[in-house]
Amino acid sequence: MQIGIKSFGAYLPARRMSRAAIADAHAWAFPSLKSLGKGEKTLCGWDEDVITMAVEAGRDCLRGMERSTISAFDLASTTAPFADLQNAVLAGYALRLPAGAKYTDFGGSTRAGLSALVRACDGGDRGDRLVVAADKRNAKPASIQEFLYGAGAGALLVGEGSNLLAVFLGSDGISVPFIDHFRSAGEKFDYSWEERWVRDEGIAKIVPKTVTALLTRLGIGSERVRHFGLAGGPVGSDKLVAKGLSIAPEHILPDLQGQVGDTGAAQPTLLLIEALERASAGDVIVIASFSQGCEVVAFEMGEPPGASSRRGLAGSLANRIAETSYLKMLSFEGHIDLDWGMRAENDQKTALTQFYRSADQILGFVGGRCGKCEAVQFPRMPACVNCGAVDAQSPYPLADEPAKVATSTADWLQYSLSPPFYVGLVQFDVGARILMEIVDVGPGGVDVGTPLAMCLRIKERDRLRHFDRYFWKAVPIR
Amino acid sequence: MARGIKDKVAIIGMGCSKFGERWDCGSEQLLTEAFTEALADSGLEKKRIEAAWFGSCLDRINVGNSAIPLSTALRLEGIPVSRVENMCATGTEALRGAAYAVAAGAVDIALAIGVEKLKDTGYGGLPAATKGTLNDLWMPYGSAPAGFAQLAAGYRAKYNVSKEDLKKAIARVSWKSHQNGAKNEKAHLRKAVSMETIMNAPMIAEPLGVFDCCGVSDGAACAIVTTPEIARSLGKKDLITIKAIQLSASAGREQGTNQWDGSYVQNTRTAARAAYREAGIKHPREELSAIEVHDCFSITELVTMEDLGVSDDGRAWKDVMDGVFDADGELPCQIDGGLKCFGHPIGASGLRMVYEHYLQLQGRAGQRQLKDPQLGLSHNLGGVPYNGVCAISIVGLEGR
């Protein structure tokens, strides 16, 4: 039985920050940064983080699929929100994965995304393994990284079978203390060393050696590699390595730098997804991740995916809201603390008792369906909203149900980190109606009847205890 | 079906503080101001009051929980005092408690009083409050205008009214109230405002601009009630009696099912039907002399006209433009200036509305006095249109 990729999914924040706008903001002090002011990068809304992006990528990957066969869920990130609270458990609960699956957080290095995939492919699990890599990379204002770092998430479903999208051929790795960048525990920002040294002494020597070792062991000549991607290191490193390995330039995967930026642990996963979206049957795909050495994997493309409602990377790239406000970017990323007024002072303490009692409703967006009158509803209270029957409801997941705006308004009074605060009654086709926040609205606005999709987001920030509340919000379907 | 309390309770004294930004005083002084006026109006000694119902909504910025702040402020020695809270219907809830106690024969003379001190928040508008540990986990915190602004979207869609026409009609609602409020020395905002100013005011929650929103102020209002028999024994004539007090609270249907189209407030319809039944009113537009409705936002007042049955469904925006609810119109609405000009100290508003009817029915309303009023309706709406509480009270001349 072969092992490999059964499905994939991606998520990129819709906001794309203009790098020219970043350069303009710094021109007074650092005019030389203008050379980096090309293209754009993904920008998380204030309410997006590794957990919310991971859930979106995971949902995209599992669209229409059976979830009860999933035996493990790995979440790889260097920027997950919790240090002691397994991020995978929160994301996995939102994905409604089986509670009996193995949940693991991978971290410690941007290599974690590819490492988690390798473990899943190597591992002895009998069921399907969901591997999600996500990062929301934080960079100091006016640093080079502020231009380069992006945010995003990629999800891969690994399992055994005969009808795989891509077959796992093998992996290899080298681990050495080559430190191109690091971030000490508790620090906000990375510290990076000179690019020339990273490129010449690190990438150019370590990556080709690792890739060659794998290809030699697999008996595959580099001329057979049809899709090559390298994550980590300075822009252009992929071309440098490909040249050394005699991989033709047309077989290098687009590096995503112009539209997304470097998404850290998510980058190798997104590169692999990029390959899956373009490869033909039999193509060899090689993805490497450079970080304290190198990790590399090889896949052989099986039957390319058929038409589906999957967003994937291509769909994520197309879902775009242009952003040019540097101050908004600083505010969203928490680098400046604007005076939001006294309305922002409200305490947002979460009762963890209540959170646990209602976790399937809050994280999983599972409402109820009345066994007596069949009304679908949220929240799931003891008595049915329609007929009053007590304890008659069975769980009914709402996250993937079609919905549209019933009523809405743009609220300029309410405190919101992204004003105006769009709020309205969301009408689901199955009958449920819920008062919800509407986000990522874009210039088109919303009106009665606007179709909506659901997404997990941070509902409120708890600035005292730092336990942010998560709940679902509605996004206009563009 | 219950017989109700029509004409079983008489109001023999009322008081109302000056509403506004009362930087000069706290809730205790506001309570005292309203109570002193009501007690003098009743001609009673304080010791005749046998029980009190105290309405206050926002405990954190007001006087705190329980009855103690009232019994302490007014020095009500040894009588039962209850604190009631039901969002914006709080003032009417206080009246309801006092009236029911008298109607039941539990006490002879009771006090209903409400207060709110909104200007101790440090900012404009209402403070955001917790909605409980479960709701806080999922319910978005829109502002109050955001909750009511959604009526505009629902109303426009249902009756195919253009954005421009509805904006003009709701501006006309506020214009009319400012005309009235300018004549009321107890109102907070006492300036007439032009349609142009209202239409072009900064946006708060689409389509509500600043002038589509009621003021935010401090205030207290108070009523002393007893039975008509006792009132007469005290030498009172031309009694003003309670005809009906009804309340309706959401059970989640509007917010949780597809059975509400956003163009009306079901609680108002339910409470109004019950109140008309209790008061024996068949044709409200003809029988009512004046109405004081919960114009927290102009759009609320507009749809309330339909919910109360004084405009046909889909017609209120035209009735408003035709001046039906102006001071000299067919059915004057907000003759005292409404929440628009008084602001909305939550615990006090319901009683403040009854106070205006009380003055009008006694012919004491000065330059606002209507000709020969018989019946007045007050309407409060707490929460949001799709999840809230409605309280309606009707008062009038005895025997009417």
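In the stretch B:206-236, which residues are out of contact with any strand residue (DSSP E or B) (no Cβ under 6 Å at 6 or more places or on another chain) and closer than 15 Å to B:ALA98 by Cβ?
B:THR227, B:ILE230
Before we move on, is B:SER42 under 30 Å from B:TYR123 (Cα atoms) and small (Gly, Ala, Ser)?
The answer is no for B:SER42.
Among the residues of the stretch B:247-295 satisfying the criterion of being more than 14 Å from every other protein chain (Cβ to nearest Cβ), assigned to a loop (DSSP other than H, G, I, E, B) and not basic (Lys, Arg), which is nearest to B:ALA327 (Cα to Cα)?
Once the filter is applied, the top-ranked residue is B:SER289.
Does the stretch A:429-444 include one or more residues that are part of a loop (DSSP other than H, G, I, E, B), modelled with pLDDT under 95 and facing chain B (nearest Cβ under 9 Å)?
Among the residues of the stretch A:429-444, not one is part of a loop (DSSP other than H, G, I, E, B), modelled with pLDDT under 95 and facing chain B (nearest Cβ under 9 Å), which makes the answer no.
Tell me, which residue of the stretch B:103-125 that is surrounded by fewer than 22 Cβ atoms within 10 Å (Cβ to Cβ) and of a type outside the set (Gly, Ala, Ser) is nearest to the other protein chains (Cβ to nearest Cβ)?
Here the answer is B:TYR123.
With the condition kept exactly as written, say whether any residue in the stretch B:87-96 is surrounded by fewer than 23 Cβ atoms within 10 Å (Cβ to Cβ), in contact with a helix residue (DSSP H, G or I) (Cβ under 8 Å, 6 or more places away or on another chain) and more than 14 Å from chain A (Cβ to nearest Cβ).
Yes, there is a match, as at least one residue in the stretch B:87-96 is surrounded by fewer than 23 Cβ atoms within 10 Å (Cβ to Cβ), in contact with a helix residue (DSSP H, G or I) (Cβ under 8 Å, 6 or more places away or on another chain) and more than 14 Å from chain A (Cβ to nearest Cβ).
Filter the stretch B:138-193 for residues that are part of a loop (DSSP other than H, G, I, E, B), β-branched (Val, Ile, Thr) and more than 14 Å from chain A (Cβ to nearest Cβ) and give the result.
B:VAL193
Suppose the filter is over 16 Å from the mean Cα position of the chain (by Cα) and of a type in the set (Asp, Glu); does B:ASP295 pass it?
In short, no.
For the stretch A:451-460, does any single residue satisfy the condition of being crowded, with 18+ Cβ neighbours inside 10 Å, farther than 30 Å from A:LEU85 by Cβ and within 9 Å of another protein chain (Cβ to nearest Cβ)?
No, that holds for no residue.
For the stretch A:461-475, which residues satisfy the criterion of being within 12 Å of chain B (Cβ to nearest Cβ), hydrophobic (A, V, I, L, M, F, W, C) and touching a strand residue (DSSP E or B) at 6+ places or on another chain (Cβ under 6 Å)?
If the condition is that a residue be within 12 Å of chain B (Cβ to nearest Cβ), hydrophobic (A, V, I, L, M, F, W, C) and touching a strand residue (DSSP E or B) at 6+ places or on another chain (Cβ under 6 Å), then A:PHE471, A:TRP472, A:ALA474 are the ones that fit.
Could you list, in sequence order, the residues of the stretch A:386-424 that are hydrophobic (A, V, I, L, M, F, W, C), at the interface with chain B (Cβ under 9 Å from one of its Cβ atoms) and closer than 30 Å to A:LYS372 by Cβ?
A:VAL405, A:ALA406
Given the structure, is B:SER378 crowded, with 24+ Cβ neighbours inside 10 Å, among the small types (Gly, Ala, Ser) and in contact with a strand residue (DSSP E or B) (Cβ under 6 Å, 6 or more places away or on another chain)?
Against the criterion (crowded, with 24+ Cβ neighbours inside 10 Å, among the small types (Gly, Ala, Ser) and in contact with a strand residue (DSSP E or B) (Cβ under 6 Å, 6 or more places away or on another chain)), B:SER378 qualifies.
For a quick check of your reading: which strands (runs of 3 or more DSSP E) sit entirely within the stretch A:1-110 and have at least 2 residues that are closer than 24 Å to A:LEU330 by Cβ?
Here the list reads A:15-18, A:40-43.
Sort through A:ALA322, A:ALA351, A:ALA318 and tell me the only one that's surrounded by fewer than 13 Cβ atoms within 10 Å (Cβ to Cβ) and not basic (Lys, Arg).
From the options A:ALA322, A:ALA351, A:ALA318, the qualifying one is A:ALA318.
Go through the stretch B:70-81 and report how many residues are in a helix (DSSP H, G or I) and farther than 18 Å from B:LEU95 by Cα.
Looking only at that region, the number is 2.
So which residues in the stretch B:370-394 are in contact with an Asp or Glu (Cβ under 7 Å, 6 or more places away or on another chain) and in a loop (DSSP other than H, G, I, E, B), if there are any at all?
Matches in the stretch B:370-394: B:TYR386 only.
For the stretch A:247-354, which strands (runs of 3 or more DSSP E) that fit wholly inside it have 2 or more residues that are under 26 Å from A:VAL207 (Cα atoms)?
A:284-290, A:293-301
Taking the stretch A:365-385 as the search range and keeping residues that are assigned to a loop (DSSP other than H, G, I, E, B), on the phi < 0 side of the Ramachandran plot and surrounded by fewer than 21 Cβ atoms within 10 Å (Cβ to Cβ), which one is farthest from the other protein chains (Cβ to nearest Cβ)?
A:GLY371
Among the residues in the stretch B:51-61, are any basic (Lys, Arg), assigned to a loop (DSSP other than H, G, I, E, B) and in contact with an Asp or Glu (Cβ under 8 Å, 6 or more places away or on another chain)?
No; the residues of the stretch B:51-61 include none that is basic (Lys, Arg), assigned to a loop (DSSP other than H, G, I, E, B) and in contact with an Asp or Glu (Cβ under 8 Å, 6 or more places away or on another chain).
Residue pairs, Cβ under 9 Å, 6 or more apart or interchain, first in the stretch B:293-319 and farther than 19 Å from B:TYR276 by Cβ and of a type in the set (A, V, I, L, M), second at pLDDT below 95 and surrounded by fewer than 24 Cβ atoms within 10 Å (Cβ to Cβ). List them.
Short answer, once both residue conditions are applied: B:ILE299/B:PRO207.
The values are calculated or read from the model by the stated rules, or taken from the named source; none is laboratory data. Values in this document were obtained by computation on a predicted structure and should not be read as measured data. With ideal geometry, Cβ positions are generated from the backbone for all residues, glycine too; neighbour counts draw on all protein chains shown.
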